[in-house]
Structure formats: C-alpha cells, structure tokens
C-alpha cells in the first residue's frame, strides 16, 4: 500500500495534500511555516524521511527549515548557505534544495539568488560555497531575469560522480566535471537573450531543466525563447518546438517510467506570462520532443494566471500522476498521463513550487 503526498510551497507557507494510491480523494493540511515565503520543498527519503524547506522572510531573510515529523514541527538551521566574506554577491533567496547521490546520504545541494551553489555534507546543518559558480570568469557579465540572478536547477550524474549541471537565469547551463570546483558554459545551440560583450557563450535564459535518470547526459529544458534537448551532456542543444503554440514557458517534467514522455505548459511571453487566452493547456511529447500534443480535457476556461518554473511535478506511481499549481492558487492534476485533468479541493496562496511523492505505508 502507498499514499500520495503533494508538497506545495507558497508565498504564505507550506501545504501538504494527502491521498491514497487511488488519488481520487484528497485531504489538505493546515498551513505550515506560516509567515514564511516558502520557495521550495524537498522530501529526502534516503534515510529517515526528512523535509527541507527553502524559505525567506522580510525580516529574517533566507534560510533553511527542517522537519523530521512530516511537517508538524520545524527547526531553523543556524548555519545556512552564505557567500564568503568580501563577496560582491548577496543572498536574496534560496531557490532550490536537492539531495546528493544515493551514495551520499548526508549530502545536499542548494541553489540561490544571487546565483550561488552550496553543498552540505551533514544533512543541512552547515553549508559550503562552491566557488566555481560565484567566482566564475564570466560572472561579471551575468544578468538576472525577472526572478533575479537565480540558480534554480541542479542536476547530478549518477554514472559520473562529480559531474553537476546547473541552470541559471539569465546565464544558461553550466557543467562541472570536478564536483563543483570549476564550471564551463554549455549553451551551444541555445538562444541568447542578453549577449555578453566579452563572453559570447553566456546569456541564455534557461527556465527549467530535466534529466533522463537512466541516461544522465540526456537533458531537456524549457527556455525563455524555446524548448530544447541535448544528448551529449549539454555540449550541444537542438530545438524541439514543433507543434507548440509558444516558445515561452516555465516548468518541464519527465515521466519517471518513460524518459521519452515530457510535459510542459506553454504561456504567453513578454510581460504577460499567463496561460494563452486564459486556457491552461499542458503539452505532452511521447518521442523526446519530436512532436507535441495539447491536453486540456477537464481544465477550465477563463483562468488568467500562470505556472512558475518549480510548480509542476510528477509522482512515482505505476501510472505517474502529474500536478501543476498556478499563481492564482489552484492545483490541477491528472492520473491518466494527462488525458484528463481534475482540480484539487483547495484554493491556496500564490504557488511557487510543487513536489509529489508516493510513500509506502507500513
């Protein structure tokens, strides 16, 4: 037996939606971390289940909160990510926290705004700055997007420990092959939004990026100006936009059982950034992006909101559930591969991130 938990990070705290394996009836928890802006949530199951929250507060600033009792109580970590003394960078937000490899049970990585990459080897109690990002030779020409100069995506290579990819808006994709000590831009074939004066290989605004778990060098991304894939670890990228109504969007997720199947939510570009014509529509590819199919059975009309880069998720059930939350506080989900959609029984604050997990019950 298993149950499904959807973790929802919002502008006004964290919420947890619970269901059984059928995913037809849902219960919504009371808000946790009230008063905090919750940018992202992680449930780490490599040991005893532990929740990590990347949070911010207008008085206390950005920090990491940890819960070991499924969100009932939280402990603020005394030593969170921090740039070194004398740095020109300022820690404005923690955008993401991701687990290290299964062989690294106490290791976590965090991505921040200003763009920084941090690692913890003691389950989040202390953090070390990986200066391969913060002292990169091209950094003087980095420009932030509307969400700031944010390092929002961190991917690891299970077959090559030490290989790390990061996505930074509006810089692009960078890859390390030495555990984060140095990074090289991997933006060939990607559209450039803001070209550097000296460094012409940066300035692409990657919005989100996913990885084939069986073939870690197979990468896909939703960019500010397109949808792309790379089959060589980011050395080269090609566009995969055939049949899409817009090149612009934020989230992208991959079916955990079929890496050829991906889902995105195209949106209007420029400064509008909401569902096109007020109609939320998910697009699915079954062939690694060669073609795309529109899916909106059960989704509403006249929905003038959008979905942010971390606000879409899949669970690990045999038929994976797909979930996305909107800037208007709604959550839509599908349990049949996107063929039909339902609405969660809740209206939440502005949704910043969604995670979905299938948890085995004792």
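Looking at the stretch 111-126 only, could you name the residues that are under 15 Å from residue 179 (Cβ atoms) and either surrounded by 21 or more Cβ atoms within 10 Å (Cβ to Cβ) or in contact with a strand residue (DSSP E or B) (Cβ under 7 Å, 6 or more places away or on another chain) (or both)?
117, 118, 119, 120
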Problem set entry | Meets criteria (touching a strand residue (DSSP E or B) at 6+ places or on another chain (Cβ under 6 Å), surrounded by fewer than 18 Cβ atoms within 10 Å (Cβ to Cβ), without any contact (Cβ under 8 Å) to a residue 40 or more places away in the chain and within 18 Å of residue 92 (Cα to Cα)) for residue 65 | no
Exercise. Could you give every pair whose Cβ atoms fall below 6 Å, whose first residue belongs to the stretch 161-172 and is over 18 Å from residue 232 (Cβ atoms), and whose second residue is assigned to a loop (DSSP other than H, G, I, E, B), counting only separations of at least 6 or pairs across chains?
Worked result: 168/115; 169/205; 170/143; 170/193; 170/194; 170/205; 171/142; 171/202
Exercise. Out of all the residues in the stretch 30-55, which are surrounded by fewer than 16 Cβ atoms within 10 Å (Cβ to Cβ) and over 25 Å from residue 104 (Cα atoms)?
Worked result: 30, 34, 35
Exercise. Which of the residues spanning the stretch 131-172 are over 13 Å from residue 111 (Cβ atoms) and part of a strand (DSSP E or B)?
Worked result: 145, 172
For this session: Considering each of 71, 86 in turn, give the residue that is without any contact (Cβ under 8 Å) to a residue 40 or more places away in the chain and over 17 Å from residue 153 (Cα atoms).
Result: 86
Problem set entry | In the stretch 89-100, the residues that are out of contact with any helix residue (DSSP H, G or I) (no Cβ under 9 Å at 6 or more places or on another chain), in contact (Cβ under 8 Å) with a residue 40 or more places away in the chain and more than 16 Å from residue 50 (Cα to Cα) | 92, 93, 94, 95
For this session: Sort out which residues of the stretch 230-250 are under 24 Å from residue 162 (Cα atoms) and crowded, with 21+ Cβ neighbours inside 10 Å, and write them in order of number.
Result: 230, 234, 237
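To keep it simple, each residue is scored yes or no on (1) closer than 16 Å to residue 148 by Cα; (2) crowded, with 17+ Cβ neighbours inside 10 Å; (3) at pLDDT 95 or above.
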| position | (1), (2), (3) |
| --- | --- |
| 186 | no, yes, yes |
| 189 | no, no, yes |
| 193 | yes, yes, no |
| 209 | no, yes, yes |
Problem set entry | Residue within the stretch 101-114 that is touching a helix residue (DSSP H, G or I) at 6+ places or on another chain (Cβ under 7 Å), part of a strand (DSSP E or B), under 23 Å from residue 212 (Cβ atoms) and touching a residue at least 12 places away in the same chain (Cβ under 8 Å) present | no
Seminar exercise, completed: Restricting attention to the stretch 173-183, the residues that are surrounded by 16 or more Cβ atoms within 10 Å (Cβ to Cβ) and either without any contact (Cβ under 8 Å) to a residue 40 or more places away in the chain or part of a loop (DSSP other than H, G, I, E, B) (or both) number exactly 3
Exercise. For the stretch 71-79, does any single residue satisfy the condition of being part of a strand (DSSP E or B) and either out of contact with any helix residue (DSSP H, G or I) (no Cβ under 7 Å at 6 or more places or on another chain) or at pLDDT 95 or above (or both)?
Worked result: yes
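May I ask you to verify whether residue 273 is surrounded by fewer than 21 Cβ atoms within 10 Å (Cβ to Cβ), under 16 Å from residue 313 (Cα atoms), within 21 Å of the chain's Cα centre (by Cα) and in contact (Cβ under 8 Å) with a residue 24 or more places away in the chain?
no
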For this session: Quick one: in the stretch 276-295, of everything that is touching a strand residue (DSSP E or B) at 6+ places or on another chain (Cβ under 6 Å) and not in a strand (DSSP E or B), which residue is surrounded by the most Cβ atoms within 10 Å (Cβ to Cβ)?
Result: 292
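Suppose the filter is in a strand (DSSP E or B), crowded, with 17+ Cβ neighbours inside 10 Å and within 17 Å of the chain's Cα centre (by Cα); does residue 332 pass it?
no
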For this session: Return the only residue of 306, 298 being more than 21 Å from the chain's Cα centre (by Cα), within 25 Å of residue 15 (Cβ to Cβ), at pLDDT 95 or above and not in a strand (DSSP E or B).
Result: 298
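The values are calculated or read from the model by the stated rules, or taken from the named source; none is laboratory data. None of these values were measured; they are calculated from a predicted model. Every residue, glycine among them, receives a Cβ derived from its backbone with ideal geometry; neighbour counts consider all protein chains shown.
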